[in-house]
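Heads up, the thing below is written out as C-alpha cells.
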Amino acid sequence: MVYISHPSEVGTLYTKTELEELSATCRKYGLYLFLDGARLGYGLTSPNTDLTLKDIARLCDVFYIGGTKCGTLFGEAAVVLNSDLKPDFHTIMKQNGAVLAKGRLLGLQFQTLFTDNLYEKICQHGINMAMLLKEAFTKKGLPFVAESFTNQQFPILTEKMYATLTKKYGIGSWEVFDNGTRAVRFCTSWATSEEQVHNLINDLKAL
C-alpha cells in the first residue's frame, strides 16, 4: 500500500499530475493508494491547487475526509472506492472496535458539512487567515521550512522571536537548528478570527 497525506505534514500539496502518476504506478504494481485527508478541506481550497475531490475519488482506492480539523466535534469519513476492499468492510470495522454506538451523530456532522458548501466555506476561511500570516512572515524577511499555501505555515524564527511570541501565542515548535533559529508551525482554522491574526501580525512587526 502507498500512503500519502494531502496536504502533507508541512503543508505541501500534490498536483493532479503527480497524483495521476502515483495512481498509475500503484495500479501497475498491484498496490493500493490511500490518501490521508485529515486536512483535506484546506488542500481543496488552497489557492495553489489543481486537484479536486472528484480527481481524488477517481485516482485513489481509499481516502478519508477529515472532520476534526474542519469544524466537527470528532470523526473522519472513510471513502472506499476500490470494489475489492468493500466486501466485509463493515464487519471488519466491528471486529476492530471502529464502529461508534452513536454513529448517527457522526453522520449528521458530515451531512451538515456538505450542505450549502459549508465544508468549502469554513476551510476557505482558514486558508484566508493563513495567507495573511504568510504575507506578514514574508514581509518580515523570514524564511520558511516549505512553501505552503494551506492553513499551516512554517516560518523560521530566531530564538528571541520565539521566546517573545510564545508568551502570548500557542506556537508549535517544529525543529531547532544549529544556527540558533527555530522552525515553528502556525495553524489557522475555521475558528480563527481576523482580530487574532492581526494581533499576531502587529506583534510580529514590533519584534
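In plain terms, the chain from residue 111 to residue 191 could stretch by 26.8 nm, reckoned as 0.36 nm per residue minus the Cα-Cα distance. Using the charge dipole of the chain (Lys, Arg: +1 at Cβ; Asp, Glu: -1 at Cβ; taken about the Cα centre), state which of 47, 179, 74 has its Cα farthest towards the positive end. Working it through, the farthest residue towards the positive pole turns out to be 74. Computed from label points 7 Å out along Cα-Cβ, the spacing between residue 21 and residue 104 is 4.9 nm. Taking 0.36 nm per residue of separation and subtracting the Cα-Cα distance, full extension of the segment from residue 81 to residue 158 would add 23.1 nm.
Remark: the chain is approximated by an ellipsoid whose semi-axes, taken from the C-alpha gyration tensor as √(5λ), come to 34, 20, 16 Å, largest first. Reducing segment 1-77 and segment 156-198 to their Cα centroids gives an inter-centroid distance of 27 Å. Within segment 24-89, the chymotrypsin sites (Phe, Trp or Tyr not before Pro) that combine a DSSP coil assignment with at most 13 other C-beta atoms in a 10 angstrom radius are 29, 74.
Model label sites at residue 166 and residue 73, defined 7 Å from Cα along the beta-carbon direction, differ in position by 3.4 nm. Take the alpha carbon gyration tensor of segment 2-115, find the square roots of its eigenvalues, order them as a ≥ b ≥ c, and report rounded if a/c is under 1.5; if not, report prolate when a/b exceeds b/c, else oblate. Because a/c hits 1.5 or more and a/b fails to exceed b/c, segment 2-115 counts as oblate.
The distance between label points at residue 177 and residue 57 comes to 4.3 nm (points 7 Å beyond Cα on the Cα→Cβ vector). Subtracting the Cα-Cα distance of residue 94 and residue 48 from 0.36 nm times their residue separation leaves 12.6 nm of extension gain. Quick check on my link table: of 134/205; 54/86; 86/121; 54/102; 54/121, which ones sit more than 21 Å apart, alpha carbon to alpha carbon? With Cα atoms farther than 21 Å apart: 86/121; 54/102. Over segment 2-115, what relative contact order in percent results from Cα pairs under 8 Å that are six or more residues apart? With pairs under 8 Å counted, the relative contact order is 21 percent. Springs join every pair of Cα atoms under 10 Å in this Gaussian network model of the chain, and among 38, 101, 24 the largest mean-square fluctuation is at 101.
Using the rule -39500 (n - 2.57) for each DSSP H run of four or more residues, divided by the residues of the chain, the 222 nm mean residue ellipticity is -12000 deg cm²/dmol.
Every read-out reported here was derived from the displayed coordinates using simple, explicitly stated rules and does not represent laboratory data. Everything quoted here is computed from the prediction, not taken from an experiment. We place every Cβ from the backbone using ideal geometry, glycine too, and count neighbours over all the protein chains shown.
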